[in-house]
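K.L.:
Below: one structure in structure tokens.
The values are calculated or read from the model by the stated rules, or taken from the named source; none is laboratory data. Owing to the predicted nature of the structure, the values given are computational and were not obtained by experimental measurement. A quick note on method: Cβ atoms are made from the backbone with ideal geometry, for glycine too, and the neighbour counts reach across all protein chains shown. Ligands, DNA and RNA are excluded from the accessible area calculation, which covers all protein heavy atoms including side chains. Shrake-Rupley method; radii C 1.70, N 1.55, O 1.52, S 1.80 Å.
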Amino acid sequence: MKTTLPLLVLACVVSVSSVTAAQIAVPKTVAITGATLRTDKGAQEGITVVIKDGKIAALGKGVKVPSGATIIDGTGKTLTPGLIAAGTGLGLVEINAVGYTNEGRFGDAKPVHASFRVTDGYNPNSIVIDVARNGGITSTISTPRGGLIAGQSAWMTMGAGSVEDNTVDDSAALHVTLGRSAGGVGDGSRGRALQTLRALFDDAQHFGKNRSAYDRGQTRPYGAGHLDLEVLLAVLKGDLPMVVNVDRKSDIAAVLKFAKQYRIRVILTGATEAWMLADEIAAAKVPVMLNPKSNLPSSFDQVHVVDDSATRLANAGVQVIISPLGDASSARTLRQLAGLAVAHGLTWEQAFASITTIPAKVFGAKRGTLKAGEAADLVLWNGDPLELSSHAEAIFIGGIQQSMENHQTLLRKRYR
């Protein structure tokens, strides 16, 4: 029987990763002393942070270390908030080439899956999570894909434990795809996709005003079921943002018009030609999520892609989120992508904000900063986190120090 390469790789994954990396036992209180704190606000030397009961108890210069605390010497090291990988397949995808390891993409022709939540298929023991965490990532916004409306993403922390242990928000955003990749709607016709989207939101508005009639079977037919319509209603009410995967300038303009018409909160993702409408996007206060490594026109929707798209958008006043965009296995390169954006004009502070404070603000989670009273998601580095020569030496999620062992280190041990 012929065995394909992905299946051989999967077999290796299973045999090597039979023991999941576990959390390191941590005393109640930990103090990191003498570190250089770097955030999107700048750098401060000689900082001490005290972690207690999963939160930051104190942070600053001259902070007193509590008696009995475990002390980690941060002298000469860099302390940062944990990184946030937005728009990834972490916890949903093991191997992109093996379809049955993908819990976040739909293969059916149905275009609407608004009520689907990725937490129903999320795997907190995924081997990809441990690898990404070693790249300093402490949170991800795990995202579904497929059809016109793929479903709802979830804000997940990256610690060991159950789905419930790691869920910050199981309904972070609704995800929509326009352009030629919106399968299942008019053979990918962008005009047909927008027409369908308008009809669905009109249905949701009608449903919201006629629930009793709907329950009695006395309304006109809707283009989606009641569970999907409930989610679309949440978008219309402003309770849930809508992330739209779109690249072409004309499509982006259409999305901005759609958002204004229905008064909904929109986030653009992909958005390789967004820089051409930077002022309009900034005026509409629409954030943009992009991958700065996407600098070649891989389709006719991306003909005008440029290297410094993030810089042009940020300088126009757009909130920019840097992301590997869907690729779970590349999530670990998040800090490399931010460094690449710096090489093309972003300041260090702008780039770091794009992987910490900005995604936290856009998606409404209290993460991405280091402040007393907040969750202790932080990373201690041996150098500049945006430099490839640096690496994480200690990672805390919810105040718990995480194991640095992962699939890659297990492979090294086995075959050395």
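K.L.:
I'm trying to understand the selection: among the residues of region 116-172, which are over 29 Å from LEU386 (Cβ atoms), crowded, with 24+ Cβ neighbours inside 10 Å and either within 15 Å of the chain's Cα centre (by Cα) or of a type in the set (Phe, Trp, Tyr) (or both)?
P.N.:
Within region 116-172, PRO144, GLY151, GLN152 meet the criteria.
One line per residue, one yes/no per condition, for (1) free of Cβ contacts under 8 Å to residues at least 24 places away in the same chain; (2) in contact with a His (Cβ under 9 Å, 6 or more places away or on another chain):
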| residue | (1), (2) |
| --- | --- |
| GLY217 | yes, no |
| TYR222 | yes, yes |
| VAL244 | no, yes |
| LYS249 | no, yes |
| ALA253 | no, no |
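K.L.:
Now a separate question. Specify which of the listed residues (THR75, THR48) is in a strand (DSSP E or B), farther than 30 Å from ILE267 by Cβ and of a type in the set (S, T, N, Q).
P.N.:
THR48
K.L.:
Any chance region 260-269 includes a residue that's touching a Ser or Thr at 6+ places or on another chain (Cβ under 9 Å) and at pLDDT below 95?
P.N.:
No, because not a single residue in region 260-269 is touching a Ser or Thr at 6+ places or on another chain (Cβ under 9 Å) and at pLDDT below 95.
K.L.:
If you go through region 200-236 one residue at a time, how many are open to solvent by less than 50 Å² (accessible area, probe 1.4 Å) and part of a helix (DSSP H, G or I)?
P.N.:
15
K.L.:
So, one more: Does GLY68 fit the bill of being more than 17 Å from the chain's Cα centre (by Cα) and either open to solvent by less than 50 Å² (accessible area, probe 1.4 Å) or modelled with pLDDT of 95 or more (or both)?
P.N.:
No; evaluated as a whole, the condition is false for this residue.
K.L.:
I'd like to verify a number: residues in region 87-129 that are of a type in the set (Gly, Ala, Ser) and modelled with pLDDT under 70, how many?
P.N.:
Count: 5.
K.L.:
Which ones in region 303-341 are more than 26 Å from SER250 (Cα to Cα), open to solvent by 50 Å² or more (accessible area, probe 1.4 Å) and touching a helix residue (DSSP H, G or I) at 6+ places or on another chain (Cβ under 8 Å)?
P.N.:
Hits for region 303-341 are SER329, ARG332.
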